[in-house]
Amino acid sequence: MEQRTIAEIGVCSLIIIICALILWQAAKLPPGSFEPLGSAPVPQATAGIVIGCCLIVMVKAIIKIRRHHSLAHHVRDELIGRSPWNAIYILGGTLAYVALLQLGKLSFGVLTFAFLLLLIMTLNRFRRHSLLPATITAALFGFGIEFLFTRVFVVDLPV
C-alpha cells in the first residue's frame, strides 16, 4: 500500500481531536462498579493509546517529508489528480454506521462486522483476493469487540 504522508498527518490530527473529546467526555462519567475497569477508564485508556499511536505515525510522516522532499512536493503529489470517491465512500459508510447504531435495530457486532468489511474492501479497491482476509479480520474485530465489551468489561453496547 502506498504511503501518503500528508493524508496520514491530516487523518491522525482528526483522530487526535476526536480522542481528546472522548477523554474530556469520559472524565465526566461516574466511576464504574468494576474499578479500575469501568465506564470511564476503558475509553480513557483506549483514547490515550490511539493518541499515542497517531503521534508515532505523524512523527514518522514528518521525518519522511523532511528527509525526502519538500512539503509542497508531497502536497502536490498526493492531492493533484486523485479521485475523492474513496474518501466520500468511507465518510458515508461511517455516517451510516453511526446512524444505524443509534437506531438500535441491529447488534453492535453485526454492524461493526459489516462496516469493517466494507471499509477494508473499499481501501483495497474491492479486489477479490482481499475478500477472505477482510472477512476474517472484520469478523474477529466486530464480534470480538462485542464479546470483549459485553462479557469481559460488562459494558452496555447498542442493542
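The values are calculated or read from the model by the stated rules, or taken from the named source; none is laboratory data. In this text the structure is predicted, and so the values were computed from the model without any measurement. With ideal geometry, Cβ positions are generated from the backbone for all residues, glycine too; neighbour counts draw on all protein chains shown. Accessible surface areas use protein heavy atoms only, side chains included; no ligands, DNA or RNA. Shrake-Rupley method; radii C 1.70, N 1.55, O 1.52, S 1.80 Å.
Some values worked out for this structure:
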| item | result |
| --- | --- |
| Probe 1.4 Å, accessible area per residue of the stretch 109-159, Å² | 67 |
| Neighbourhood charge, 12 Å Cβ-Cβ cut-off, centred on VAL57 and excluding it, Lys, Arg +1 and Asp, Glu -1 | +2 |
| Cβ-based net charge around PRO158, under 11 Å, with every Lys or Arg adding one and every Asp or Glu removing one | -1 |
| For the stretch 85-152, convex hull of alpha carbons as volume per residue, Å³ | 74 |
| Cβ-Cβ FRET estimate between LEU103 and LEU29, R0 fixed at 35 Å, reported to 0.05 | 0.90 |
